[in-house]
Amino acid sequence: MLRGVRLMVFLAGVLGASVAMSGCAAYMAANQPGKKDMSVLSKGQSRSRLIAEFGPPIASEVKNGVKHDIFKFVQGYHTAAKVGRAVLHGAADVVTLGLWEVVGTPTEGYFNGTEVSLEVVYDANDTVVQIVPLRGADELPAGAAPAAPGDGSTGTVGGGTRGSAGDRGDPAKP
């Protein structure tokens, strides 16, 4: 009888500890950055609309009478994806008595959104003329903004040479 009580107390302690320890991966999943509305990256969009969506630029300057902004942000995930991942981590924590954290926490640390950097060029009315991806170009919608006329480019997204569609800022990439 005493042995059965000890076993029950031990199992209750393990279950309680696993519930108390669980939640790191679930918390991280629920608090990942949100998804930005990339559709605002289009020719003719106002500068104020870009600032409202992505926050203030990290740099702003005038080159040859033309305004340029550099935006840097993290493109995150839709709310449904964040909730689904949090629920999955929570369930895995309970089923594995907290052992899932060994896998779940590093996973959430890795999948924390994509860093995006862009240079935006405006006309005299502060409307977008050109978008040059610097990092995270694969997050941009197809045809986000054509290159400025007469700049010698093919009219593809960005029109510049400083980013590539696969550039995520990995040091191992050429």
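Step by step: first the residues of the range 29-58, then only those that are small (Gly, Ala, Ser) and touching a residue at least 40 places away in the same chain (Cβ under 8 Å), then the one that is surrounded by the most Cβ atoms within 10 Å (Cβ to Cβ). Which residue is that?
Ala29
For the condition buried (at least 18 other Cβ atoms within 10 Å of the Cβ) and modelled with pLDDT of 95 or more, what is the one hit in Asp69, Asp93?
Asp69
Return the pairs, sorted by first residue and then second, in which the second residue is part of a loop (DSSP other than H, G, I, E, B), the first residue lies in the range 88-99 and is closer than 17 Å to Ala30 by Cα, the beta carbons are less than 6 Å apart, and the residues are 6+ apart or on different chains.
Filtered contacts from the range 88-99: Ala92/Trp100; Asp93/Ser22; Asp93/Trp100.
Can you tell me which condition Glu119 does not meet? The list is (1) among the charged types (D, E, K, R); (2) out of contact with any Leu (no Cβ under 9 Å at 6 or more places or on another chain); (3) in a strand (DSSP E or B), and all the others hold.
Evaluating Glu119 over (1) among the charged types (D, E, K, R); (2) out of contact with any Leu (no Cβ under 9 Å at 6 or more places or on another chain); (3) in a strand (DSSP E or B) leaves (2) as the failure.
Can you say whether Lys82 is in a strand (DSSP E or B) and either within 16 Å of Asn112 (Cβ to Cβ) or without any contact (Cβ under 8 Å) to a residue 12 or more places away in the chain (or both), as far as the supplied structure shows?
no
So which residues in the range 96-116 are surrounded by fewer than 19 Cβ atoms within 10 Å (Cβ to Cβ) and not in a loop (DSSP other than H, G, I, E, B), if there are any at all?
Val102, Val103, Thr105, Pro106, Thr107, Gly109, Tyr110, Thr114, Glu115
The values are calculated or read from the model by the stated rules, or taken from the named source; none is laboratory data. It should be emphasised that the depicted structure is a prediction, and the values quoted were computed from it without experimental measurement. Every residue, glycine as well, gets a Cβ built from its backbone with ideal geometry; the counts of neighbours run over all protein chains shown.
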